[in-house]
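The values are calculated or read from the model by the stated rules, or taken from the named source; none is laboratory data. These numbers were taken from a predicted model, which means no experiment stands behind them. Note that each Cβ is placed from the backbone with ideal geometry, even for glycine, and that neighbours are counted across all protein chains shown.
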């Protein structure tokens, strides 16, 4: 069966940590389709969040990882209702009915996975690919993996060296005018500068 890798996030902005995680997943899983899905703009965070289309445009940087990458606008198109992962995967299944779906998430999201809407149904629809952001989180990650597996979930654990940066930290650095070139690629840096996002670079 063909494999579809689904990688969602705010990507506000996308950074090399995201790219490193996605590249590791691609190397481990060898997917046939890679859907990168920026999350919808939250109506409660309009002043704190760069709008969806800027984030989707910056996410084009992930195409450098593989020609199989497609940027999905599904979340924004459906933002009049809450975009739970279960319903997102159900919609993807309608188009890619002959693909196994693999959901790529960080270990922090796995920790809270059991609080997700219809999480057990998500496990019926998709495998989970997960990687720990920080080495000290390995013990907690194993506990979370064991809990998900006990519910019938299928976990693919990624082995990679994470880049210790977050989008929120990047936004702080950008607003302070600090050099972030080691954390974002030139395409994203140029886009931020051109559109005067996050205070520029």
- Item | Which numbered condition residue 88 fails, given (1) surrounded by fewer than 17 Cβ atoms within 10 Å (Cβ to Cβ); (2) under 22 Å from residue 12 (Cα atoms); (3) touching a strand residue (DSSP E or B) at 6+ places or on another chain (Cβ under 8 Å) | (1)
- Query: Out of (1) at pLDDT below 95; (2) farther than 24 Å from residue 198 by Cα; (3) in contact with a helix residue (DSSP H, G or I) (Cβ under 9 Å, 6 or more places away or on another chain), what's the single condition that is false for residue 50?
  - Reply: (2)
- Has the stretch 82-93 got any residue that is closer than 30 Å to residue 192 by Cβ and under 13 Å from the mean Cα position of the chain (by Cα)? yes
- Before we move on, is residue 145 modelled with pLDDT under 85, under 21 Å from residue 27 (Cβ atoms) and in contact with a strand residue (DSSP E or B) (Cβ under 6 Å, 6 or more places away or on another chain)? yes
- If only one of 9, 17 is in contact with a strand residue (DSSP E or B) (Cβ under 8 Å, 6 or more places away or on another chain), surrounded by 18 or more Cβ atoms within 10 Å (Cβ to Cβ) and either under 20 Å from residue 174 (Cα atoms) or at pLDDT 95 or above (or both), which one is it? 9
- Message: Of all residues being touching a helix residue (DSSP H, G or I) at 6+ places or on another chain (Cβ under 7 Å) and surrounded by 17 or more Cβ atoms within 10 Å (Cβ to Cβ) in the stretch 157-173, which is nearest to residue 12 (Cα to Cα)? Just the residue, please.
- Response: 165
